[in-house]
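As structure tokens, the structure follows; a few thoughts come after it.
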Amino acid sequence: MKLLIVEDEQKVCSFLKQGFEEEMFTVDTAHDGEQGAFLALTEDYDAIILDLMLPKKNGIEVLKEIRKESNTPVLILTARGQLETKLEGLNLGADDYMTKPFALAECIARIRSLVRRANSDKQFNVLTAADLTLDQMQHSVKRGESMIDLTAKEFKLLEYLLRNKNIVMTRSSIIEHIWEVTFDSDTNVLDVYMTRLRKKVDEPFDPKLIHTIRGVGYVVRDPEL
Ligand code: CA
């Protein structure tokens, strides 16, 4: 899952980034409203955490711009005593809010629930294809009863493909979702990671679930569907 954090307080921002990365999110950050709005409108995120008091462009303006173009779930961060701004944010289409200071665990739980609501037509916490299961809460992957040990990147790749099971995902959309915005997408790093992932998830097992679509991308196919 890919998250954008727009927050000018470095400490809060890196605390959030680290916390979400430990939960297997890919995280981009922006430290002012202009950069935040730019990233929100040009990249594809599963959710956005948006601080309201920001330099260059405040959070309310950023939210207005996002809502003109997309329904990506937005959680706003407010300081104590910003009740009116908070209400304005909710009226403008923010999906949830938290007042600083807040607990990281609660923030993660709320973001998960926003993403779940936005994807209510899809599988969420436990993703499956044939005998392969990926549990997002426990960070575990199994084929049948065999536990498979994946690195964070491999886990994110598999999660993205499984969440879009039976749909061919293009190389660029995979890269956009799994790597941070600063990643140079001309490299063959994606193929390297896919090879490693297949070695662990497909090679020792049958049926094979991960398929390459030449010149396009990759797909996880569930033969039972
Ligand atoms: Ca701020």
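Table for the structure above
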{"read-out": "Coil-residue trypsin sites (Lys or Arg not before Pro) of segment 1-59, DSSP, other Cβ within 10 Å capped at 13", "value": "none"}
{"read-out": "Relative contact order (%) - criterion: Cα under 8 Å, at least six apart; region: segment 2-118", "value": "23"}
{"read-out": "Gyration tensor verdict on segment 123-220 (Cα atoms; rounded if a/c is under 1.5, prolate if a/b is larger than b/c, oblate otherwise)", "value": "prolate"}
{"read-out": "Carbon + sulfur, % of accessible area of the chain - ligands and nucleic acids excluded, 1.4 Å", "value": "49"}
{"read-out": "Solvent-accessible area per residue for segment 123-220 (1.4 angstrom probe, square angstrom)", "value": "48"}
{"read-out": "The chain shape via C-alpha gyration tensor axes, a/c threshold 1.5", "value": "prolate"}
{"read-out": "In segment 116-172, trypsin sites (Lys or Arg not before Pro) in a DSSP loop with at most 16 other beta-carbon atoms within 10 Å", "value": "K122"}
{"read-out": "Proximal lysines to K11, defined as alpha-carbon separation beneath 28 angstrom and excluding residues fewer than eight positions away on the same chain", "value": "K2, K56, K57, K64, K86, K100, K153, K156"}
{"read-out": "Three-way shape call for segment 61-131 based on the alpha-carbon gyration tensor, with the a/c threshold at 1.5", "value": "oblate"}
{"read-out": "Accessible area in square angstrom per residue, segment 2-118, 1.4 angstrom probe", "value": "46"}
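The values are calculated or read from the model by the stated rules, or taken from the named source; none is laboratory data. Computed from a prediction, not measured in an experiment: that's the story for all the values here. Because the Cβ atoms are built from the backbone with ideal geometry, glycine has one as well, and the counts that use them run over all protein chains shown. SASA here: full protein model, heavy atoms, side chains in, ligands and nucleic acids out. Shrake-Rupley method; radii C 1.70, N 1.55, O 1.52, S 1.80 Å.
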